[in-house]
Amino acid sequence: MRRAILASVLAVAAIVLVAVAATSAQGPMTPQEELGKALFFDANLSDPAGQSCAACHAADVGFTGPLEAVNATGAVYEGAVPGRFGNRKPPTAAYAGDSPVLYFDAEDEAWVGGMFWDGRATGSVLGDPLAEQALGPFLNPLEQNNASPQDVIDKVLASDYQDLFLQVCTDLDTPARYECIGRSIAAFERSGEVSPFTSKYDYWLGGKAKLTGQEQLGLALFEGKAGCAGCHPAPLFTDFTYDNLGVPRNPDNPFYDELVWNPAGEGWVDTGLGGFLQAAGYDETVWGPEWGKQKVPTLRNVDLRPSKSFVKAYGHNGYFKSLLEIVHFYNTRDVPWASWPAPEIATNVNTTELGDLGLNPGEERAIVAFLKTLSDGYVPK
């Protein structure tokens, strides 16, 4: 494994998640989870109304972007206000509940935890990065565009789940109620409905499914020759760290054209974690080494889609349009004949763990075959 920073946490998680994978039964939701679900799918919690959390995090695509036409181009989703776009592809809302409060691990010289691609939902306020992340889009003018926490609360109080909200969120002051909204959404995202561990891989772990020869080869390559497990260790298939993979800029990103919110226009570059740390007031000796790094995503549900031909986008900016394409990039980025475009940010690119993996086309396809076993909803035969 590339980093040992989460070894003890993931060891415990592995025991728990193997037990979860051994059964497909899910218990009833708690009131907090039920409230979180109602909030997650409520399209009235934006200004103007019409955009729910699920608009960018839909179940049938693994709780990420559900619009094929968007995924196939800029991969960045339009907010509640027509013509306003964010600047990154929506990450999955699933399997994120174990991301710790953002911290720097001195032994491994790596930042760990937080939420969003750049880690700005650190968890330092609520002690839970997932809950902090859940609150961010409500007030983001490029997303749900509410003017204040109280505006969100008022809309919840006018909803048909008002009684459930009052049952779960018993404090009367605005900060506590808004915090409760974030914690409830996080509870739903941690629930078995969003993070169920029902993939073929999980059933294989529980002895209830068999991997094909190609899938077994892919797993062996994933854990061995290709080194994927260094950053994507089982069972969560992320180590919650940050990396600059040298991904090219996505020229179709609509954020380049949003001059009101992006004065740099075409000159804008995504500085990732380093940019957040700089804005947070850290010294250049801290943010400089993190310039251009994005959070390592989970690979669970990375291939989940409503049909085989449905296009999903990969990478923080959605540059890649298929699993095979991004695996090929990992394998050949630094090979001269491959002729990949230049990285969006050339500093801090990881050149030790990817770029020239020496995989042949069959091995690339085998890794893709294994990644497809991580999609939830598998029915054992």
Checking residue 259 against (1) of a type in the set (A, V, I, L, M); (2) surrounded by fewer than 20 Cβ atoms within 10 Å (Cβ to Cβ); (3) within 16 Å of residue 112 (Cβ to Cβ), the condition it does not meet | (3)
Can you name the number of the only condition in (1) open to solvent by less than 20 Å² (accessible area, probe 1.4 Å); (2) part of a helix (DSSP H, G or I) that residue 217 fails?
-> (1)
Which numbered condition residue 207 fails, given (1) surrounded by 15 or more Cβ atoms within 10 Å (Cβ to Cβ); (2) outside any helix (DSSP H, G or I); (3) of a type in the set (Gly, Ala, Ser) | (1)
For residues in region 50-77 being without any contact (Cβ under 8 Å) to a residue 60 or more places away in the chain and open to solvent by 50 Å² or more (accessible area, probe 1.4 Å), which is nearest to residue 299 (Cα to Cα)?
-> 67
Give region 272-299 a look and list any residue that's open to solvent by 60 Å² or more (accessible area, probe 1.4 Å), in a loop (DSSP other than H, G, I, E, B) and of a type outside the set (Ser, Thr, Tyr), or say none.
-> 281, 283, 291
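Could you check region 335-365 and list, in sequence order, the residues that are at positive phi and either open to solvent by 20 Å² or more (accessible area, probe 1.4 Å) or part of a helix (DSSP H, G or I) (or both)? Explain how you work it out, then say what you get.
We begin by selecting, within region 335-365, every residue at positive phi; these are 339, 348, 355, 358.
Listed by number, the residues that qualify are 339, 348, 358.
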The condition from (1) at negative phi; (2) within 18 Å of the chain's Cα centre (by Cα) that residue 168 misses is numbered (2)
Residue match in region 277-286 (condition: in contact with an Asp or Glu (Cβ under 8 Å, 6 or more places away or on another chain) and within 25 Å of residue 71 (Cβ to Cβ)) = no
Exactly one of 379, 368, 302, 311 is open to solvent by 30 Å² or more (accessible area, probe 1.4 Å), of a type in the set (A, V, I, L, M) and under 21 Å from the mean Cα position of the chain (by Cα), and that one is 311
Please work out if residue 212 is closer than 30 Å to residue 314 by Cβ, of a type in the set (S, T, N, Q), under 25 Å from the mean Cα position of the chain (by Cα) and surrounded by fewer than 21 Cβ atoms within 10 Å (Cβ to Cβ).
-> no
Of all residues in region 77-104, how many are in contact with an Asp or Glu (Cβ under 9 Å, 6 or more places away or on another chain), part of a loop (DSSP other than H, G, I, E, B) and within 23 Å of residue 47 (Cα to Cα)?
-> 10
Could you tell me whether any residue of region 339-355 is in contact with a helix residue (DSSP H, G or I) (Cβ under 6 Å, 6 or more places away or on another chain) and within 29 Å of residue 198 (Cα to Cα)?
-> no
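Does residue 183 satisfy being within 25 Å of residue 65 (Cα to Cα) and either modelled with pLDDT of 95 or more or in contact with a helix residue (DSSP H, G or I) (Cβ under 7 Å, 6 or more places away or on another chain) (or both)? Spell out the reasoning first.
Details: within 25 Å of residue 65 (Cα to Cα): yes; either modelled with pLDDT of 95 or more or in contact with a helix residue (DSSP H, G or I) (Cβ under 7 Å, 6 or more places away or on another chain) (or both): yes.
Answer is yes for this residue.
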The condition from (1) open to solvent by 30 Å² or more (accessible area, probe 1.4 Å); (2) closer than 19 Å to residue 43 by Cα; (3) in contact with a strand residue (DSSP E or B) (Cβ under 7 Å, 6 or more places away or on another chain) that residue 142 misses is numbered (1)
Say whether the condition of being in contact with a His (Cβ under 8 Å, 6 or more places away or on another chain), of a type outside the set (A, V, I, L, M) and buried (at least 17 other Cβ atoms within 10 Å of the Cβ) is met by at least one residue in region 79-89.
-> yes
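Of all residues in region 190-219, which are on the phi < 0 side of the Ramachandran plot and aromatic (Phe, Trp, Tyr)?
Step one: filter region 190-219 for residues on the phi < 0 side of the Ramachandran plot, giving 190-196, 198-206, 208-219.
The answer is 201, 203, 204.
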Of the conditions (1) without any contact (Cβ under 8 Å) to a residue 12 or more places away in the chain; (2) within 24 Å of residue 90 (Cβ to Cβ), the single one that residue 379 does not satisfy is (2)
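For the structure I just gave you, tell me whether residue 155 is open to solvent by 20 Å² or more (accessible area, probe 1.4 Å), at pLDDT 95 or above, in contact with a helix residue (DSSP H, G or I) (Cβ under 9 Å, 6 or more places away or on another chain) and not aliphatic (A, V, I, L, M). Steps first, answer last, please.
Working: open to solvent by 20 Å² or more (accessible area, probe 1.4 Å): yes; at pLDDT 95 or above: yes; in contact with a helix residue (DSSP H, G or I) (Cβ under 9 Å, 6 or more places away or on another chain): no; not aliphatic (A, V, I, L, M): yes.
Criteria not met by residue 155.
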Could you tell me which residue of region 106-139 is nearest to residue 155 (Cα to Cα), considering only residues that are among the small types (Gly, Ala, Ser) and buried (at least 20 other Cβ atoms within 10 Å of the Cβ)?
-> 134
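The values are calculated or read from the model by the stated rules, or taken from the named source; none is laboratory data. Everything numeric here is computed off the predicted structure, so don't read it as measured data. No Cβ is skipped: glycine too gets one built from the backbone with ideal geometry, and neighbour counts run over all protein chains shown. What goes into the accessible areas is simple: the full protein's heavy atoms, side chains included, and nothing from ligands, DNA or RNA. Shrake-Rupley method; radii C 1.70, N 1.55, O 1.52, S 1.80 Å.
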